[in-house]
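Worksheet: the structure to be examined is printed underneath.
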Amino acid sequence: APDIPVIDQAYSKLSNSITVEWRAVPGATNYMLTAQDGDSFVETVVKNSPGTVTGLKPATLYRITVRAINSGGKSQPSPFRKVKTVLAAPVLSVRSLSCDSIAVSWEAVHMAAGFSVSLMRSDGLGRMLKQNTTNTSLIFTNLDPGALYTIKAYAWNANGMPGDDFTYNQRTSPNAPVDVKVTFNSGALRAVVSWMPTEGALNYSVTVSSGLLELRCNTSSASCTVPSLQCSSEYHVSVTAYNDAGSSEPTDAVSLKTIPCAPVNISIEEDEPGHLLVSWSSVSLGHYYVVFVKSDDGLEVHCNTSYTQCHFQSDCGFTYFISVFAYNKAGQSPLGDVFNYTTAPCCPGDFRAVSTSSDTVRVTWAAVRGADLYETRAAGGSGVVLCRDTATACTLSALQCSTPYNITVYSFSEARGRNTSCAPQYVATAPCSPEIKNITKEGLSVISVQWQPNNEEATYVVTARGEAGLWHCTSTRNSCTLMDLPCGSAFSVSAIARSPAGQSFPSYSIPLETAPCCPNDLTLTQVTQSVTNISWSFGRGAQTYVTTLESPKGQAKCHTLQTYCLLGCITCGTNYTVSLRAISETGLTSSCTYQGYSSGACCPSGVKLYRLSNNGIRVFWRAPDETRSYKADLHGSKGNFSCTPSSGLSHCDITKIPCGDVYTVVVAPVTDKGPKLTLFSSFCPKKIYS
């Protein structure tokens, strides 16, 4: 083991360590330092002198020994030295009370009799301040704002020996910024706050407050943007500088008034046609207002006012886009709601209403701006008739005839509804159809027509229509007379009513038939002594005919579908009256009278022939009428012969008759106008003479 070391000196410069110096021991590779305090000790191995034992307690007396060490072992401890550790350093608590003061405080130090505290700017500028005190706190004043100071403090014991020192760097709080300026961006509703930088400030805080609302903006530069400001608000803006020592006093507040909010409670009224009234609620911080009104055709007008309403001219059928802005020194309010107001559509123009029938009115008009739909309303009679359509025409049906109506065409739009200011037009429907009550025949060609008058101030026209043509009569009363109707014709009789409003529908037709026409020509031809043929021309409208020959001696009658008839039982030599009745299908009868007819004279009876000589013959007869003349005719192949007796005789002779022939002998009466052998001879009986 090595020799025992000898301590030259031992001392304490720090409160937790003692430094030992000794002479080197040959062969020693290490040394063990031991500091003993009563029963506790601290050992430290070092390479050579000097060596320091650490981990000691301040202000404590220790016994210090040294032992040399080599590979052979440890030497015996050296003679001890007593050494006391110095006082512990006071632990400072430092803070800047204001921008020009720093407060230093500490806890009491064991065995300390007093304390020494010094302060100096860390950059070496200015002078050092030093204070000795037995207290545990002190304050340095009149310092530079925002400056970094180095503070050193130590305690000393009763012998004046200083202990450990404690160094602390502390900055004073900064001064309040100056030259604060606020720039307001009205479009973004934000403010840019700027100021002159202050010494020692590391950060700045901008406070923007309004009532209970407070906004902050922190920055390390000399400006800050405060977003999300509210319209119509007055803010107080202040800036506070900060560093690690604390904050400055806030600057004097700068007032900031933001732009007004967009006006609300906007109402748009059309107080009268053609005038729009725009009103709104007053806006805080709003000095005046501007209302912009833009129509859908691109035209824009505006109104400046310090009140809360504006008047504008408007046109029907337009849509107006309306926005209201408030203004103050900060600028224009944000864009609020854009309202659109559609005025009532225009009343239809070129309005025409025409009565097309007794229950129908045709209404037309020109299309108007802003109308989506049209309603035609006809008021009158027993109610209201409506017609709705998008077209510019409407037919009102199911109206009452001969009735005045107030017809109005209203225009509709989805946005505004109906324009109620449209004027009506008076229209009367056409007259009601008359009802024919009676048709009376007042003569062969005269017909009286009566109807029920059901219109006021109407003219009635009665028409008889048939194949023969048209016949009319007109009246403002309830009857009129059709004249000169042709015979044998069928008609359909109807009536209409006319007024300035138009013409009614025709009434229901009443059939009318006139009596058949009398035949124009009538011929009588005697067929035999007692049979006569009557023929006549066609009587229009007649289906059957009844002919009559009448005399005091009797009557002959015939009913036929033909235009001729054979009448028997005719008495010879008699004057007859001739009449004919033409009868239609429906039984209408026309009685026709013609010139009288005389039947042929009666033939003589008891005709006898007597031969007078070879070439003569005497003819005898009985005359039915002694006042009438007779004539005997002899017809043969060799000639014709005749004889006429003297007046009052009933025989005559025919001479110079060729012999050897067969003759036909006829005795016939002779008329006053001369012989009519062709008429009467064929009726009388013939005798054969050979």
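The values are calculated or read from the model by the stated rules, or taken from the named source; none is laboratory data. Since we're looking at a predicted model, the values are computed, not measured. All Cβ positions, glycine included, derive from the backbone under ideal geometry; neighbour counts span all protein chains shown. Remember, those area values only see protein heavy atoms, side chains included, never the ligands or the DNA or RNA. Shrake-Rupley method; radii C 1.70, N 1.55, O 1.52, S 1.80 Å.
Measure off 7 Å from each Cα along the Cα-to-Cβ vector at S650 and T664, then give the distance between these two points in nanometres to one decimal.
2.5 nm
Round to a whole angstrom and tell me the spacing of the C-alpha centers of the range 596-628 and the range 259-317.
136 Å
Once you have the Cα-Cα distance between Q76 and R95, take 0.36 nm times their residue separation minus that, and quote the gain in nm to one decimal.
Gain on stretching Q76 to R95: 1.5 nm.
Give the ranking of H559, H236 by solvent-accessible surface, highest area first, calculated with a 1.4 Å probe.
H559, H236
Determine the per residue accessible area of the chain with all protein chains present and a 1.4 angstrom probe, expressed in square angstrom.
52 Å²
Is the C-alpha gyration tensor of the chain telling us rounded, prolate or oblate? Criteria: a/c under 1.5 is rounded; beyond that, a/b larger than b/c is prolate, otherwise oblate.
prolate
If I take the Cα coordinates of the range 17-119 and project them onto the principal axes, what are the three extents in Å, biggest first?
The Cα atoms of the range 17-119 stretch 67, 26, 18 Å along the principal axes, largest first.
Between E414 and E234, with labels modelled 7 Å along Cα→Cβ, what's the label distance in nm to one decimal, could you check?
4.9 nm
Which semi-axis lengths, in whole Å and largest first, follow from the square roots of five times the eigenvalues of the Cα gyration tensor of the range 178-257?
Result for the range 178-257: semi-axes of 22, 12, 10 Å.
Roll a 1.4 Å probe over the protein heavy atoms and report the accessible area of Y564 in Å², nearest 10.
It works out to around 120 Å².
Using a Förster radius of 22 Å, what is the FRET efficiency between R216 and V178 based on their Cβ-Cβ separation? Nearest 0.05, please.
After rounding to 0.05, the efficiency reads 0.65.
Would you please give the FRET efficiency between S284 and T150, computed as 1/(1 + (r/R0)^6) with r the Cβ-Cβ distance and R0 = 60 Å, to the nearest 0.05?
Calculated value: 0.65.
Please compare each pair in K13/K130; K257/K294; K13/K152; K294/K329; K47/K74; K13/K47 to a cut-off of 19 Å on the Cα-Cα distance and tell me which ones are over it.
As for pairs spanning more than 19 Å Cα to Cα, those are K13/K130; K257/K294; K294/K329; K13/K47.
How much of the accessible area of the chain, in percent, comes from carbon and sulfur atoms when a 1.4 Å probe is used?
The value for the chain is 49 percent carbon and sulfur by accessible area.
Taking amide H positions as placed 1.01 Å from N in the peptide plane, with prolines and chain starts having none, which residues 5 or more places from A147, or on another chain, fall under 5 Å of its amide H?
The list, which skips near neighbours in sequence, is T172.
Hey, what do the phi angles of the range 116-133 turn into as Karplus ³J(HN,Hα) couplings, whole Hz, using 6.51/-1.76/1.60 and θ = phi - 60°, x for Gly and Pro?
Rounded to whole hertz, the list is 10, 10, 10, 9, 7, 4, 5, 8, x, 6, x, 9, 8, 10, 9, 9, 9, 7.
Which whole-angstrom value gives the distance between the alpha carbon centres of the range 408-486 and the range 177-239?
93 Å
I want to check the label-to-label distance for R127 and D37. Put each point 7 Å from Cα in the C-beta direction and report it in nm to one decimal.
With each label placed 7 Å out from Cα toward Cβ, I get 4.1 nm.
Under a 1.4 angstrom probe, counting protein chains only, how are T225, T258, T593 ranked by accessible area, largest first?
T593, T225, T258
Work out the length of the dipole vector of the range 1-129 about its Cα centre, built from +1 on the beta-carbon of each Lys and Arg and -1 on the beta-carbon of each Asp and Glu, and round it to the nearest 20 debye.
Dipole of the range 1-129, to the nearest 20 debye: 160 debye.
Taking R0 as 22 Å, what's the FRET efficiency between N142 and D165 from their Cβ-Cβ distance, rounded to 0.05?
0.35
Write out the trypsin sites (Lys or Arg not before Pro) in the range 444-515 meeting two conditions: DSSP loop, and at most 13 other Cβ atoms within 10 Å of their Cβ.
Answer by residue number: R477.
If you keep only loop residues by DSSP, which trypsin sites (Lys or Arg not before Pro) in the range 329-430 have at most 14 other Cβ atoms within 10 Å of their Cβ?
Answer by residue number: K329.
Can you tell me the length gained on complete extension of the stretch T525 to K638, counting 0.36 nm per residue apart and subtracting the Cα distance?
This chain segment gains 37.5 nm when fully extended.
Under the definition of Cα pairs under 8 Å and six or more residues apart, what whole-number percent is the relative contact order of the range 352-428?
It comes to 32 percent, rounded to a whole number.
Can you give me the orientation-averaged projected area of the convex hull built on the Cα atoms of the range 425-558, in nm²?
10.8 nm²
Please compute the length gained on full extension between A188 and S445, using 0.36 nm multiplied by the number of residues separating them and subtracting their Cα-Cα distance.
Taking A188 through S445 to full extension adds about 82.1 nm, to one decimal.
Compare the Cα positions of T528, Q543, S445 along the charge dipole of the range 422-551 (+1 at Cβ of Lys, Arg; -1 at Cβ of Asp, Glu; about the Cα centre) and return the one farthest towards the positive end.
Selected residue: S445.
K638: which aspartates and glutamates have alpha carbons under 16 Å from its alpha carbon, excluding same-chain residues fewer than 8 sequence positions away?
Partners found: D661.
For the range 529-569, which trypsin sites (Lys or Arg not before Pro) pass both filters: DSSP loop (anything but H, G, I, E, B) and at most 14 other C-beta atoms within 10 Å?
Listed in order of number, the matching sites are K553.
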